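The values are calculated or read from the model by the stated rules, or taken from the named source; none is laboratory data. On a predicted model such as this, the values are computed, not experimentally measured, just so you know. Neighbour counts are summed over all protein chains in view; Cβ atoms, including those assigned to glycine, are modelled from backbone coordinates with ideal geometry.
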């Protein structure tokens, strides 16, 4: 009963926070819808340019029910009077109006950014991200909400998974928040797993950035009531194209852990840890996207103890904003401070809606 009451309380908090988030995120000013995108096959689209990422330009014509993506490599011309933040594949960032003209050759600098100073001209395939500069917190966000359910009659096992993530990007910094809840039941045994991860990156010199990391984990499998980790590090973009991204970060974390009473002599411990992380993503237009995050935490206060956290997703597009996800996760602890399992791993499938 206590677990059920706790779950209901958690759901109430999530609903309340989501409602408050939506209220404060209402945009203050709508973007104009007279942007022009001309495709190489001659299609002419008058629309609102929403963003460019992963080699996909998202447009929203006034006659469409929702925004849709077009292949950036198949775009011939772009005309817009609005202001955008542009990230190039070398990591440089600019804010200004944009214009794309037909390329006269592979070496043609056919994409022009006009900031307050002198215009900058680059090749269109050197443009990694384009986002409009608008008032309103909501307009700068992208993310997804996913849910999945698996059931096996043979061993009476069931699993429910719910997850979501959101990204907020500006010229000088970016925010990322994700969370998940997994409930498993088998042979009258029930387990739950909750995760929350928050990342704040501030760019100070191409391709370097500072990163703040906050991780929260509860795992019945590892008899872990809560692990809270907070740290700071220095990161570097190792590879960035308009479809692929690879970044590494290293720093120091401070961690507090609360284990289930009775699993050891000291259910509450505090640790200092080093951290080394690797983030990778790659996208293929209209087909698949692969993302993975792997972090290694060698303990500084307990020599010999190493934790590893990894999460990988394979995404297939079903229809526009509807996606299918295959997720693999693992949390490994070489020397838990109490007599608890060292490993917590799982696989889940889900359907997700992106925004």
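Residues of region 58-84 being surrounded by 15 or more Cβ atoms within 10 Å (Cβ to Cβ), in contact (Cβ under 8 Å) with a residue 60 or more places away in the chain and farther than 13 Å from residue 321 by Cα, which ones?
72, the sole residue that qualifies.
Looking at 227, 243 in this structure, which one is farther than 23 Å from residue 183 by Cα, assigned by TED's automatic domain parsing to the domain that holds residue 287 and at pLDDT 90 or above?
243
For region 109-219, which strands (runs of 3 or more DSSP E) that fit wholly inside it have 3 or more residues that are within 28 Å of residue 233 (Cα to Cα)?
Counting at least 3 such residues, we get 127-132, 141-152, 157-169, 173-186, 189-205, 208-219.
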